[in-house]
Amino acid sequence: MTISTATKKKLAALAVVLLILCIDQWLKVWVKTTLCPGESIRLADWAYIAFVENKGMAFGMQFIGTLMLATFRLVAVGLLAWMLWRITSTNRVKWGFVLLLSMVMAGAMGNIIDNMFYGLIFSDSNGLTPATLVPLGHGYGSLMEGRVVDMFYFPIISTEWPQWVPIVGGDHFTFFSPIFNFADAAITTGGALLVICYYKTLNQLLTRKKTDID
């Protein structure tokens, strides 16, 4: 039995999505049931596992409500899934494009799981004891109101601004300060490489050109 290239691409995309989801959720459950919010594990001077929770924006940013953000993510994942199905049904895009787009979709799905279900299945992290798994519906929130778990903190540079620097002189400076999770990393890495390596393909898809896609 010969498997078509289109089928191979669909299976590869599914494998990437499942792998990223498994790693992302394992890390989040381990952190959430091991640490309290604000606790950290030092790996090196510039690398920590630091447990924080947020409403769901990448890298801990919070601009909109959890419910609205979860709904937006569901729509975005639906569009990405539809796009993946369409482009893998032909030979018009390269393998790299398919795999990178799968990374972005998997990352969005990973944070959706937190938003949708963590409030239902975890007790609240009260700062004294780590969260525990509870019977469905007995958690700290309702459907689509769960908090996203972040854990990677890489303060590569931690120093003070020189006193002579205007405005910020003497203030503490940290690079890189955001705390993020594996799903965020998949979204950022996949998205950046898509733009860098497949700008022409993205442009043709977004502008709906009828020419062949490289």
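Read-outs throughout are calculated quantities, based only on the coordinates presented, and are distinct from any laboratory measurement. What you see is a predicted model, and the numbers here were worked out from it, not measured in a lab. Note that each Cβ is placed from the backbone with ideal geometry, even for glycine, and that neighbours are counted across all protein chains shown.
Around W95, what is the net charge, scoring Lys/Arg as +1 and Asp/Glu as -1 over all other residues with Cβ under 11 Å from its Cβ?
Working: positive: K8, K9, K94; negative: none.
Summing Lys/Arg as +1 and Asp/Glu as -1 gives +3.
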Order by neighbour count: Y153, Y199, Y140, fewest other Cβ atoms within 10 Å first, most last. Y199, Y140, Y153
In degrees, nearest ten, helix 66-88 long axis to first principal axis of the chain (Cα): 30 degrees
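If the only charges are +1 at each Lys and Arg Cβ and -1 at each Asp and Glu Cβ, what is the size of the charge dipole of the chain around the Cα centre, to the nearest 20 debye?
It works out to roughly 1300 debye.
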What angle, in degrees between 0 and 90 and rounded to the nearest 10, separates the Cα long axis of helix 182-197 from the longest principal axis of the Cα atoms of the chain? 50 degrees
Provide the gained length on full extension for the span I113 to A15, in nm with one decimal, where the gain is 0.36 nm per separating residue minus the Cα-Cα distance. 33.5 nm
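Fewest to most neighbouring Cβ within 10 Å: what's the order for M116, M103? Could the numbers behind the result be given before it?
Working: M116 17, M103 24.
So the residues, fewest neighbours to most, are M116, M103.
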Rounded to 10°, Cα long-axis angle of helix 5-34 versus longest principal axis of the chain: 10 degrees
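Which ordering of L99, L18 is given by a fewest-first count of other beta-carbon atoms within 10 Å? Intermediate results must be reported in sequence, preceding the final value.
Values: L99 16, L18 12.
The most exposed by this proxy come first: L18, L99.
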At D45 and A76, where each label point lies 7 Å from the Cα along Cα→Cβ, what is the point-to-point distance in nanometres? 3.6 nm
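Is it possible to state the helix-based mean residue ellipticity at 222 nm for the chain, with each DSSP H run of 4+ residues giving -39500 (n - 2.57), the sum divided by total residues, to the nearest 500 deg cm²/dmol? What is it?
Values: 5 runs with 96 residues, N = 214.
About -15500 deg cm²/dmol.
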